[in-house]
Amino acid sequence: MSRAAVAVTGLGLVTAAGIGVEPTWRGVCAGVSTARKDPALAGIPVDISCTVPGFEARSLVGRRSALVHDRFTQLAIVAAREAVADAGLDPTGWDGARVGVVVGCGLGGVATWEKQHRSLLEAGPRSVSALLIPMLIPNMVAGHVAMEFGARGPNLVTATACASGATAIGTALDLLRNDVCDVVLAGGTESGVVPLMVSGFAQMGALSAGRLDDPSAASRPFDAGRDGFVIAEGSGMLVLERPEDARARGARVRALVAGYGASADAHHMTAPDPEGTGMTAALRSALAQAGADPQDVDHVNAHGTSTPLNDAVEARALRKALGAGAAVTSTKGVLGHALGAAGAIEAGLTVLAVERSLVPPTANLSTLDPEVEVDVVTGAARHRDIEVAVSNSFGFGGQNAVLAFTAA
């Protein structure tokens, strides 16, 4: 049974393709990877990443930011500011008690953690910052966003690994449907490109390691030669409101979040269920909430990590649930995998695809894996009228989240 949709009235993106919605959109539509050698990872086995270019917290966030914020919080504040401005809302005039914040994050302040642990080992416990804990714990990002805008409603951080950002938007959807809030700032953020985290992923075999001399070719979702993901950072934030409230104040509605589905594979710590049962269940649930049938789906922003297992299983689940009619893309070929932020960034890109009738290409897809029996967009962005789109996000632990969007 369909349930009430909510309006996306504001959007903010901070990604490896640029700071802001338009630079990011241009980057993903160009289909050119942002991966490059990362000096901060020098000396470890996998030394490539997709990081945000030109991000200067002092000028973008504030002079004191380096003292009180980890980078994952800084990215979220910048994205949230853009989203609120895009929505045309004035936080000085809203009822803060009716404004919620839900942010997805998988890791928290790992850069602060690593830096302060080094300080402990080298100079002893008295060298450790008194702000270590508030800078690293994941919930602080929602707290800081609330402080930024005077949002005194429900304040949450969701942690479902690489599904965290999508889970946050799904949680926000329920807050609005249940009349707990009038406005929710929802999205995700992550900045885990530090030696310890990258080493951990590399030891698991999750990262692309076969193209370190050609980083821009490393992330290649659905390609027969894929060998792992490229780690990334970033943030995506959406302003969500009930459609009637948005229209009453004359706001532009970019698209509607019409459905959310969540499930668990209950299968393995890191590998997806090979049958894609949980993925399919989440997808069908999102479509049911949206009142849409499988054949109605025009576009899928796939999780598409560029790992051998994920892409094959996801393609199988999409074929089973939707057939081959939807135009599928993975923007991780351009942006890399931003972990807990990925679902929110990709939700934002799905909104833009619906609004602009344009599906970005999947970068580096030169030879489609023969097991991938869906219509993957490659080479160039494809013009297509999009009435219904879905965005898939799947995390370690078998946690699945799917968002369904419809045209406004």
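Phi angles across segment 58-75 convert, under the Karplus curve 6.51 cos²θ - 1.76 cosθ + 1.60 with θ = phi - 60°, into 3J(HN,Hα) values of 4, 8, 7, 10, x, 4, 8, 4, 4, 7, 10, 10, 6, 4, 4, 6, 4, 4 Hz, Gly and Pro given as x. A Cβ-based charge dipole, computed about the Cα centre of the chain with Lys and Arg at +1 and Asp and Glu at -1, lands at about 800 debye. Summing +1 for each Lys or Arg and -1 for each Asp or Glu among the other residues whose beta-carbon sits under 12 angstrom from that of Val354 gives -1. The amide H of Thr305, built 1.01 Å from its N in the peptide plane, has Asp311 as neighbours under 5 Å, considering only residues 5 or more places off or on other chains.
Toward the positive end of the charge dipole of the chain, with +1 on the Cβ of Lys and Arg and -1 on the Cβ of Asp and Glu, the farthest Cα among Val128, Ser391, Leu240 is that of Val128.
Which residue, Ala30, Ala87, Ala142, tops the fluctuation ranking in a GNM of the chain built on C-alpha contacts under 10 Å? Ranking Ala30, Ala87, Ala142 by mean-square fluctuation puts Ala30 first. Neighbour counts of other Cβ atoms within 10 Å put Asp214, Asp70 in the fewest-to-most order Asp214, Asp70. Here is how the number arises for the chain: DSSP H runs of 4 or more residues each give -39500 (n - 2.57), the sum is divided by the residue count, and the result at 222 nm is -10500 deg cm²/dmol. When all alpha carbon pairs of segment 6-406 are counted in 20 Å bins from zero, the resulting P(r) reads 31, 59, 10, 0 %.
By the beta-carbon count within 10 Å of each Cβ, the least crowded to most crowded order of Trp94, Trp113, Trp25, fewest first, is Trp94, Trp113, Trp25.
The local environment of Ala326, defined by Cβ-Cβ distances under 9 Å, has a net charge of -2 under the rule Lys, Arg +1 and Asp, Glu -1.
Once the dipole of segment 208-254 is set up with Lys and Arg at +1 and Asp and Glu at -1 on Cβ about the Cα centre, which of Ile231, Val253, Pro215 lies farthest towards its positive end? Projecting each Cα onto the dipole axis, the largest value belongs to Val253.
Here the Karplus relation 6.51 cos²θ - 1.76 cosθ + 1.60, evaluated at θ = phi - 60°, turns the backbone of segment 153-169 into coupling constants of x, x, 9, 9, 10, 9, 10, 10, 6, 6, 9, 4, x, 5, 4, 4, 5 Hz, with x for every Gly and Pro. Among Thr280, Thr73, Thr270, the largest mean-square fluctuation in a Gaussian network model of the chain (Cα springs under 10 Å) belongs to Thr270. With a 10 Å cut-off between alpha carbons and a GNM built on the chain, which of Ser357, Ser235, Ser49 moves the most? Result for the chain, Cα springs under 10 Å: Ser357 fluctuates most. Under 5 Å between amide hydrogens, built in the peptide plane, is the criterion, and for Ser219 it picks out nothing among residues at least 5 positions away or on other chains. Using C-alpha pairs below 8 Å separated by at least 6 residues, the relative contact order for segment 6-406 is 24 percent. When DSSP beta bridges are restricted to pairs lying wholly in the chain, around 65% turn out antiparallel. Compute the distance from the alpha-carbon center of segment 84-139 to that of segment 336-408, in whole Å. Cα centroid of segment 84-139 versus Cα centroid of segment 336-408: 29 Å apart. For segment 91-104, 3J(HN,Hα) computed residue by residue from phi via the Karplus equation (6.51, -1.76, 1.60; θ = phi - 60°) reads x, 6, x, 8, 7, x, 5, 9, 10, x, 9, 9, 10, x Hz, glycine and proline entered as x. For Arg254, neighbours were defined as the other residues whose beta-carbon sits under 9 Å from its Cβ, and their charges (Lys and Arg +1, Asp and Glu -1) total -1.
Quick note: the coordinates plus some simple rules give every number you see, no bench work behind them. Just so it is clear, the structure is predicted and the values come from calculations on it, not from any experiment. Ideal geometry is used to build each Cβ from the backbone, glycine not excepted, and the neighbour counts take in all protein chains shown.
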